[in-house]
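Single-structure report; data block below.
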Amino acid sequence: MVVLEPNGSSSAKPLKSQDPNNPSGQPGYPNVRPYPGAEVYSSNHRREPPGMRFLKALCVAVLVWMLCGAFVRSLVWAVGWNRENHWDGNYSIPSGVSLRQCLEPAQWDNALPTPNLLNLERDSYATNQSAEDLQILPPSAYPFVSKTSFELPISSNSLYLLSRGAYASGSVDILTSTAQKQGSAAVHVVVYYYHQELRDRVKLCKVSRKAGESGVGIFDRRSLILQTPSYIDRHNPRDQLYFETVITFPQLTQRRSPLRIKNLETDVVNTFHRVHAIAEHVVFDNISLAGSNAHISSSDLAADFASVQTSNGAILGSFNASKELKLVTSNGQVKVDVHLDNDLSSTPSKLYIETSNAYAMIDLHASASGVKGQYPQYKVDTKTSNNKLDVDFQNSPADSTLYYKGDTSNGPTNVQLHAAYQGSFKVSTSSSWVGPELHVRENVPDPSGRGRKREVQHTSLYKGELTGSVKWVDEKEDKTLEKGTVEVETSNAKAVLVV
């Protein structure tokens with residue numbers, strides 16, 4: 001309580017309390033402690049912005065995640081190291097693949113009489129492409145060489161070769177030899193290198209998948225960035241490895257029919273394929289050749305079912321198939337000679353060829369080995385983009401049925417049918433400068449030898465599309481013979497069909 005003095009000054013004097021329990025001096029009121037005053041903060045104090053707090057929390061979380069990840073990876077690697085064959089914890093092993101026998105560094109054979117162990121003819125195309133496109137040195141450029149071999153039973157349901165990783169590049173050769181013992185296929189592996197440390201970091205193993213399957217695998221570590229010596233530059237062609245793998249089948253000279261192999265698969269990275277002239281001695285029920293960033297060439301390959309696939313590389317050479325053949329690549333030319341032999345009239349023999357941004361040139365020979373009186377059938381599909389498509393049906397049985405579709409874009413097409421073709425056709429282009437063209441050969445002899453006359457009819461429905469049909473006129477025509485269909489298409493370029 002404040003009392004004002006008459007002279008205007010003021011002084012505060014405490015009043016005497018009548019009750020020690022009531023210091024306020026007011027009767028009937030309890031003792032009440034004053035409410036504490038609010039603490040005053042300096043105006044210079046600022047709270048940290050939310051964005052900064054979030055950034056700090058994020059950095060802490062990322063750091064914890066990296067530490068946990070490193071711990072888990074080291075734990076998995078340690079567990080894998082102590083498991084079967086001690087290698088799979090830190091290597092790029094495909095799921096479902098089990099390691100059975102891995103080569104120790106001391107088991108490599110370093111004694112080679114010549115740099116070219118198997119005296120294979122070097123493919124100049126492969127050498128140039130490897131040096132210029134893939135930046136991989138040819139084998140002869142490496143100073144050190146090691147080799148080893150595996151034997152796989154040819155009675156296996158499947159034989160296969162796998163590779164994974166940046167240092168698993170090289171080549172695969174498939175051939176036959178009279179020196180190879182019967183009943184087995186040899187997998188010879190030669191590695192060319194500058195640094196033994198790199199050779200020893202890549203594991204070469206005998207592997208298995210399902211029961212009755214046998215294979216060989218070349219596996220690189222998942223990450224060599226933190227495990228590679230500082231003097232090794234991963235982008236320097238000298239600091240690489242080159243694996244030359246040769247799969248050798250026995251060449252049985254006393255047998256009249258070729259050796260039958262149930263299934264052969266390759267699934268390799270940054271690796272060339274070269275199939276040598278083996279069709280006379282070996283025929284595959286199934287074969288699948290898969291590479292990447294490299295070409296695949298064949299001197300003579302024969303199979304019932306065949307699949308050949310790569311990327312950024314060409315597919316070249318001769319291929320023979322009775323049931324189905326697939327040739328697929330990207331950014332690489334396709335220049336092949338294909339033989340399709342139809343042995344079952346109710347099922348067409350199939351050919352599928354695809355590339356992109358490259359030239360495709362296909363020579364096709366169709367034949368039939370079925371029962372006389374049956375009509376062979378073929379289904380062919382070819383395509384590319386941004387380049388020319390050139391297809392020539394050089395042979396085809398009389399009274400056969402062809403279903404064909406060929407297309408490209410921003411490039412011309414030139415398709416030549418064999419004289420045996422009967423059925424409809426359509427040629428189209430989106431170009432407003434050049435229209436579709438039909439070239440009709442005159443005085444074509446009857447491929448059946450029955451003296452029939454050929455009729456070719458065509459109409460232009462509208463600009464950019466031309467349709468028509470080809471028919472061999474026969475009074476004794478078999479009404480059960482199916483007619484074929486042909487479609488040729490492109491955009492912004494000329495489309496030509498020759499009948």
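Open to solvent by 50 Å² or more (accessible area, probe 1.4 Å) and either in contact with a helix residue (DSSP H, G or I) (Cβ under 7 Å, 6 or more places away or on another chain) or not in a loop (DSSP other than H, G, I, E, B) (or both): does that describe Thr459?
Criteria met by Thr459.
What about Ala314, is it open to solvent by less than 30 Å² (accessible area, probe 1.4 Å), more than 20 Å from Leu264 (Cα to Cα) and touching a Phe, Trp or Tyr at 6+ places or on another chain (Cβ under 9 Å)?
yes
Within the range 435-447, is there a residue that is modelled with pLDDT under 90 and not polar (S, T, N, Q)?
Yes.
Residue-by-condition table, conditions (1) at pLDDT 95 or above; (2) polar (S, T, N, Q):
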site	(1), (2)
Arg450	no, no
Lys453	no, no
Ser460	no, yes
Thr480	no, yes
Leu497	yes, no
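For the range 378-430, which positions are aliphatic (A, V, I, L, M), over 19 Å from Asp337 (Cβ atoms) and either part of a strand (DSSP E or B) or open to solvent by 20 Å² or more (accessible area, probe 1.4 Å) (or both)?
Residues satisfying the conditions are Ala398, Val427.
Which ones in the range 86-111 are at pLDDT below 50, open to solvent by less than 40 Å² (accessible area, probe 1.4 Å) and of a type outside the set (Phe, Trp, Tyr)?
Selection gives Asp88 alone.
Based on this model, can you work out whether Phe284 counts as open to solvent by 50 Å² or more (accessible area, probe 1.4 Å) and at pLDDT 95 or above?
No; evaluated as a whole, the condition is false for this residue.
Pull up the range 182-233, narrow it to residues that are of a type in the set (Lys, Arg) and closer than 30 Å to Lys262 by Cβ, then point me to the one that is modelled with the highest pLDDT.
Filtering the range 182-233 for residues that are of a type in the set (Lys, Arg) and closer than 30 Å to Lys262 by Cβ, the one modelled with the highest pLDDT comes out as Lys206.
Looking at the range 128-217, what strands (runs of 3 or more DSSP E) fall wholly within it and have at least 1 residues that are open to solvent by 10 Å² or more (accessible area, probe 1.4 Å), polar (S, T, N, Q) and over 19 Å from His276 (Cα atoms)?
Output list reads 144-153, 203-208.
The values are calculated or read from the model by the stated rules, or taken from the named source; none is laboratory data. The model shown is predicted, which means the values in this text are computed figures rather than measured ones. Positions of Cβ are backbone-derived with ideal geometry, glycine not excepted, and every protein chain shown enters the neighbour counts. In case anyone asks, the SASA skips ligands and DNA or RNA and just uses the protein heavy atoms, side chains included. Shrake-Rupley method; radii C 1.70, N 1.55, O 1.52, S 1.80 Å.
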